[in-house]
Structure formats: structure tokens, C-alpha cells
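Everything below concerns the one structure shown next.
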Amino acid sequence: MAVDELLLRHAAVLGQAVLRFYSWDQPSASFGYFQRFADVEVLTDLRPILRRPTAGGLVHHGENEWTYSLVFPPTHPWWELKAVESYHHVHTWVHRAFKNCGVVTELCPEAHPDGVGQCFVGAEKNDLLHCGNKIAGAAQRRNRDGLLIQGSVQAKSTGINRKAWEKSMLAESDWSEWEPEETFTVETTALAKCKYSADTYNQKR
């Protein structure tokens with residue numbers, strides 16, 4: 001969470017889109033910035049449970065879940081899109097990546113919000129479906145610094161290897177590897193400790 005927040009904060013300085021894949025060192029859960037902690041903590045036994053800088057609902061993170069984030073500077077065309085448009089764009093991208101791996105998916109044509117407050121119970125319009133079930137969702141935050149999209153893929157049912165999917169995602173554009181400076185790493189560690197590991201933030205509402 002801290003890395004994603006800082007990538008957004010520095011998006012204008014970086015001046016280019018950043019695609020980040022990451023995993024969790026233990027089964028965890030995250031929930032949307034605007035959700036009430038008391039409402040979501042009863043929906044999962046997973047701990048830790050972290051408040052994201054983006055909106056959306058409760059997400060379970062673990063071995064069979066793939067997490068990624070995208071950050072765009074305010075000069076990028078995606079920054080100017082409406083939220084529904086960038087949501088459609090990102091899941092079209094994920095859809096194509098799965099297609100190139102031989103997995104059939106489709107964008108959800110209309111919302112089925114069956115699980116209030118939970119990302120993967122029910123589905124929103126333009127979520128990604130596999131065999132009728134939601135396998136990919138995302139949440140966004142857009143401000144003057146840029147656009148942050150945090151995505152989750154529940155990929156167990158697809159039967160494909162994570163590395164193959166990541167390679168397919170990267171093939172959609174011309175990416176180059178970015179190595180953060182030491183100051184960025186230090187700042188990330190400090191933010192993770194003082195904010196995302198703190199009850200004062202995660203339980204602030």
C-alpha cells in the first residue's frame with residue numbers, strides 16, 4: 001500500500017506510467033478507503049486487514065490471488081478519463097492478457113452487487129468474468145498527482161501460471177524496468193510503518 005501511495009505521489013515527477021506486480025507475505029485483506037472498519041472486519045477472519053488508498057470493497061489476498069497496480073501521471077490520456085472509462089480500459093487489458101494465455105474471459109455487461117462491501121461477491125459492470133464468476137476487480141484514486149489503479153485477480157479457476165499472465169500483461173505495451181532510488185525505498189518503509197501498519201489509520205472510520 002505504501003509503495004502504491006508513493007508512486008501516485010511521485011507520478012508527475014516520474015512522468016510515465018508504472019505497472020507493478022506484487023504479492024503478500026501472508027494471507028491478508030484490504031478494504032476501500034471510504035469503508036468503515038467496523039463494517040468490514042466482521043466479513044473476514046484474515047489479519048492483518050489494511051485500508052487501501054483507493055476505493056472499492058473488501059479483498060482477500062493470498063496464494064491464489066494476484067495483485068497489481070498501475071500509476072499514470074496527469075499528462076497521460078488515462079488521467080483524463082472518467083472512472084468508468086478507465087475501469088473499462090484496465091479490464092479490457094486484463095481480458096486480452098488472459099486471452100493470449102488461452103483463457104476465455106468477458107467483461108460483465110451489468111452490475112450484480114450481491115455482496116455489499118465485498119469486492120468478489122457479486123460483480124460490477126466491466127468487472128472481468130470467467131465461467132460466469134468474477135475473477136478480476138479494481139479500485140481507483142485520481143488526484144492532481146495522477147491516477148492510481150489497484151487491481152486484484154482471483155486466478156485459481158483459470159489454471160494458468162502467474163508469470164505467464166504477467167508476461168502477457170507486459171506484452172500489451174513497451175515497458176522498461178524501473179529501479180527505485182534508495183530515498184524512495186526509505187520513504188516507503190517509513191510510510192508503511194507509521195500509516196499502513198497503524199490502527200489509527202486502518203480504523204480511523
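The values are calculated or read from the model by the stated rules, or taken from the named source; none is laboratory data. Just so you know, these numbers come straight off a predicted model, no measurement behind them. Heads up, the Cβs are rebuilt from the backbone with ideal geometry, glycines too, and the neighbour counts pull from every protein chain shown.
Can you name every residue in the range 94-115 that is part of a helix (DSSP H, G or I) and either surrounded by fewer than 17 Cβ atoms within 10 Å (Cβ to Cβ) or small (Gly, Ala, Ser) (or both)?
Residues of the range 94-115 part of a helix (DSSP H, G or I): 94-100.
Matches in the range 94-115: ARG96, ALA97, LYS99, ASN100.
Can you pull out the residues in the range 53-93 that are in a helix (DSSP H, G or I) and not hydrophobic (A, V, I, L, M, F, W, C)?
Across the range 53-93, the qualifying residues are PRO77, GLU80, GLU85, SER86, TYR87, HIS88, HIS89, HIS91, THR92.
I need the full set of residues from the range 21-47 which are assigned to a loop (DSSP other than H, G, I, E, B), under 14 Å from VAL59 (Cβ atoms), without any contact (Cβ under 8 Å) to a residue 60 or more places away in the chain and under 17 Å from the mean Cα position of the chain (by Cα), in order please.
SER23, TRP24, PRO27, listed by residue number.
Which of the residues belonging to the range 72-88 are in contact with a Phe, Trp or Tyr (Cβ under 9 Å, 6 or more places away or on another chain) and of a type in the set (S, T, N, Q)?
SER86
Please enumerate the residues belonging to the range 70-83 that are surrounded by fewer than 15 Cβ atoms within 10 Å (Cβ to Cβ) and either more than 13 Å from ILE149 (Cβ to Cβ) or more than 17 Å from the chain's Cα centre (by Cα) (or both).
Matches in the range 70-83: THR75, PRO77, GLU80, LYS82.
Provide a single number: the residues in the range 172-188 that are farther than 19 Å from VAL13 by Cβ and under 19 Å from the mean Cα position of the chain (by Cα).
Taking the range 172-188 and keeping what is farther than 19 Å from VAL13 by Cβ, we get 172-174.
Retained after the next criterion (residues that are under 19 Å from the mean Cα position of the chain (by Cα)): 172-173.
So the answer is 2.
Under 7 Å between Cβ atoms, at least 6 apart or on separate chains: pull out the pairs that start in the range 183-205 with a residue that is farther than 15 Å from PRO53 by Cα and in contact (Cβ under 8 Å) with a residue 40 or more places away in the chain and end on any residue that is surrounded by 11 or more Cβ atoms within 10 Å (Cβ to Cβ) and not β-branched (Val, Ile, Thr).
Taking only residues 6 or more apart or on different chains, the pairs are PHE184/LEU6; GLU187/LEU6.
Could you list all residues from the range 5-42 that are closer than 24 Å to LYS204 by Cβ and among the polar types (S, T, N, Q)?
GLN26, SER28, SER30, GLN35
With respect to ILE135, determine if the residue is in contact with a helix residue (DSSP H, G or I) (Cβ under 8 Å, 6 or more places away or on another chain), more than 24 Å from LEU8 (Cβ to Cβ) and either in a helix (DSSP H, G or I) or of a type in the set (A, V, I, L, M) (or both).
The answer is yes for ILE135.
Hey, ASP45 hits all of (1) at pLDDT below 95; (2) charged (D, E, K, R); (3) touching a Phe, Trp or Tyr at 6+ places or on another chain (Cβ under 9 Å) but one; which does it fall short on?
Just one mismatch for ASP45, condition (3).
May I ask you to list the residues in the range 81-95 that are out of contact with any helix residue (DSSP H, G or I) (no Cβ under 8 Å at 6 or more places or on another chain) and either more than 23 Å from GLY159 (Cβ to Cβ) or touching a residue at least 40 places away in the same chain (Cβ under 8 Å) (or both)?
Matches in the range 81-95: LYS82, ALA83, VAL84, GLU85, TYR87, HIS88, VAL90, HIS91.
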